[in-house]
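Chemist: Can you keep this structure in mind? I'll have questions shortly.
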Amino acid sequence: MELAVEGIHTYYGLSHVLHGVDLRVRPGELVGLLGRNGAGKTTTLRSIMGLTPPARGTISYNGEVISGKKPYQIARKGIAYVPEVRDVFSNLTVEENLTLAHDPRSPWTMPRILEWFSPLRDLMDRKGSNLSGGQQQMLVIARALMTGPQLLVLDEPSQGLAPLIVNAVLDILRELRKENLSVLLVEQSIRMAMELADRIYILSDGKIVHESPPEVLAGDPSIFERHIGIAV
């Protein structure tokens, strides 16, 4: 299942945020999207999911145009979105959060989820509002998998987490790569993106300014300094 974003322009009111963004996620590929704060990374994800629809350009999934469709219609195509805000159902338990999202056709059953996300096993009766940030992050990723997606769209999964929890999330994403699941990852941790991604895009001022495998970036750290403002 391939995602193709072609020349999208997205606005917030009169503010022109994305200026002709092009990117692709091929089947089984993990693609990183990096950039400074305010570069348009989250807007790109929201455009893909139909939450902030592009005014121009085309977004296709598996050859079908999905731009212009409602978010729930896009999700039903097999795309799961984990936003930057850990939007758990705070009044529901962990088990209820997971059960609510489960698609009977999904290969991700409850036992399998609890095998992968073992810290949740002892929290099944705990309400979402009583979870730590790291526990909530695990829950929202697990809940997204329960829908049985072919493409997982992740926005800053490591943000605000302790290093130990970041490493746990990294381990989960590393294992997901073996599942032939396509992933589009927006991430503040360049280390995480460089370790996981098959290809990396850099977004600056609403435009894609660089695309390459991570090895190219590792061989020329000035690319990060030029477009993100940090030396790696």
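The values are calculated or read from the model by the stated rules, or taken from the named source; none is laboratory data. Nothing here was measured: the structure is a model prediction, and the numbers come from that model. In this analysis, Cβ positions are derived from the backbone assuming ideal geometry, glycine residues included, and neighbour counts consider all displayed protein chains. Side chains are part of the model used for accessible areas, which takes the heavy atoms of the whole protein and leaves out ligands, DNA and RNA. Shrake-Rupley method; radii C 1.70, N 1.55, O 1.52, S 1.80 Å.
Chemist: What number of residues in segment 203-232 are closer than 19 Å to Arg24 by Cβ and either open to solvent by less than 60 Å² (accessible area, probe 1.4 Å) or in contact with a strand residue (DSSP E or B) (Cβ under 6 Å, 6 or more places away or on another chain) (or both)?
Modeler: Of the residues in that region, 12 qualify.
Chemist: Another question, then. So which helices (runs of 4 or more DSSP H) are wholly in segment 120-219 and hold at least 1 residues that are closer than 21 Å to Leu51 by Cβ?
Modeler: In segment 120-219, the matching helices (runs of 4 or more DSSP H) lie at 133-146.
Chemist: Sticking with this one: Name every residue in segment 27-43 that is under 17 Å from Lys207 (Cα atoms) and either open to solvent by 70 Å² or more (accessible area, probe 1.4 Å) or more than 15 Å from the chain's Cα centre (by Cα) (or both), in order of residue number.
Modeler: Arg36, Asn37, Gly38, Ala39
Chemist: Kindly provide the set of residues from segment 24-38 that are in contact (Cβ under 8 Å) with a residue 60 or more places away in the chain, under 21 Å from Ile223 (Cα atoms) and in contact with a Lys or Arg (Cβ under 9 Å, 6 or more places away or on another chain), ordered by number.
Modeler: Residues satisfying the conditions are Leu30, Val31, Gly32, Leu33, Leu34, Gly35.
Chemist: Separate question: For segment 44-72, name all the residues that are open to solvent by less than 70 Å² (accessible area, probe 1.4 Å), part of a helix (DSSP H, G or I) and not small (Gly, Ala, Ser).
Modeler: Those that are open to solvent by less than 70 Å² (accessible area, probe 1.4 Å), part of a helix (DSSP H, G or I) and not small (Gly, Ala, Ser): Thr44, Leu45, Ile48, Pro71.
Chemist: Given the conditions (1) open to solvent by 20 Å² or more (accessible area, probe 1.4 Å); (2) over 15 Å from the mean Cα position of the chain (by Cα), report the number of the one that Ile113 does not fulfil.
Modeler: Here Ile113 clears every test but (1).
Chemist: Something else about it: Could you tell me which numbered condition Ala101 fails, if it satisfies all but one of (1) under 19 Å from the mean Cα position of the chain (by Cα); (2) under 20 Å from Arg177 (Cα atoms); (3) surrounded by 18 or more Cβ atoms within 10 Å (Cβ to Cβ); (4) not β-branched (Val, Ile, Thr)?
Modeler: So Ala101 meets the others, but not (2).
Chemist: Looking at Thr10 and the list (1) open to solvent by 20 Å² or more (accessible area, probe 1.4 Å); (2) modelled with pLDDT of 95 or more; (3) of a type in the set (S, T, N, Q); (4) over 13 Å from Leu185 (Cβ atoms), which single condition is not satisfied?
Modeler: Going through the list (1) open to solvent by 20 Å² or more (accessible area, probe 1.4 Å); (2) modelled with pLDDT of 95 or more; (3) of a type in the set (S, T, N, Q); (4) over 13 Å from Leu185 (Cβ atoms), Thr10 breaks only (1).
Chemist: Please go through (1) under 17 Å from the mean Cα position of the chain (by Cα); (2) at pLDDT below 95; (3) surrounded by 15 or more Cβ atoms within 10 Å (Cβ to Cβ) for Glu175 and return the number of the only condition it doesn't satisfy.
Modeler: Here Glu175 clears every test but (3).
Chemist: Read through the list (1) assigned to a loop (DSSP other than H, G, I, E, B); (2) open to solvent by 40 Å² or more (accessible area, probe 1.4 Å), then give the number of the only condition that Arg24 fails.
Modeler: It is condition (1) that Arg24 fails.
Chemist: Any chance you could count how many residues in segment 95-112 are acidic (Asp, Glu) and in contact (Cβ under 8 Å) with a residue 12 or more places away in the chain?
Modeler: 2
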